[in-house]
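Read-outs: derived from the displayed coordinates by stated rules, not from any lab. Quantities reported herein were computed from a predicted structural model and do not represent experimental measurements. Neighbour counts run over all protein chains shown; Cβ positions are idealised from the backbone, glycine included.
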Amino acid sequence: MEQKLAEALSELTTGIYVLTVCEGEHLHGMSSSWVTQVSGDPPLIMAAVDKRHVSHGMIERQGVFALNVVGRNRKELEDYFFSAASRRPDNLAPFAYAFGETGAPLLTLAMVVFECRVVNHYPAGDHTLFVAAIVQAAVREPDRPMTSLDLPYVYVGTVIQRQRN
């Protein structure tokens, strides 16, 4: 990606989330920032997931995922799920979780959790846009959501280190 374009894209503000999935005995979580609400009636959210990521195939096959909102007081979630240590098929062991009604793992430390059922998906370059209905949601901890502005890096298809923070 051209450096000037990458720098410009790095100025788009995004939330910081951990997307979690379960397939049989396999549990996986990934740092996710390309997420947004796309409908109010019915309430729908969209998560863009890299086609090469372990979570991608699990979401396609299971049709469900959880979105765990990372609060500023829980940066350890982003630190771990963005790190090389998390890049393995079963990576939830360091954190407490419970299964929601869809079977998706909900992280105990998440500020807010959304259980989601995929209603459609669309190819988008090297990612897939998974549009999902919210099955249930819970606010667990009063905090401010972490955003890309809180981190010394941002993912724009490649990782950009920020000069400020």
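Using the Cβ atoms and a cut-off under 13 Å, what net charge is assigned to the surroundings of V54, where Lys and Arg are +1 and Asp and Glu are -1?
In short, +1.
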Environment charge at L77 (Cβ cut-off 13 Å; Lys +1, Arg +1, Asp -1, Glu -1): -2
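Just check the range 1-66 against the gyration tensor rule for me: Cα atoms, a ≥ b ≥ c as the square roots of the eigenvalues, rounded for a/c under 1.5, and otherwise prolate or oblate depending on whether a/b exceeds b/c.
Numbers: a/c = 2.56, a/b = 1.44, b/c = 1.77.
Oblate shape, in that a/c is at least 1.5 and b/c is the bigger or equal ratio.
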Peptide ranges 9-19, 91-101 listed from the most packed, as the mean C-beta count within 10 angstrom indicates: 9-19, 91-101
Cβ crowding within 10 Å averaged over residues, with 136-148, 65-77 ranked highest first: 65-77, 136-148
Alpha-carbon Debye profile of the range 3-161, log10 I(q)/I(0) at 0.10, 0.14 Å⁻¹: -0.32, -0.65
Residue-by-residue Karplus 3J(HN,Hα) for the range 54-59, coefficients 6.51, -1.76, 1.60, Hz, glycine and proline x: 3, 5, 4, x, 5, 5
Pairwise FRET efficiency - E141 versus A93, Cβ, R0 = 30 Å, nearest 0.05: 0.90
Cα-Cα separations in the range 93-165 greater than 21 Å, expressed as whole percent: 52 percent
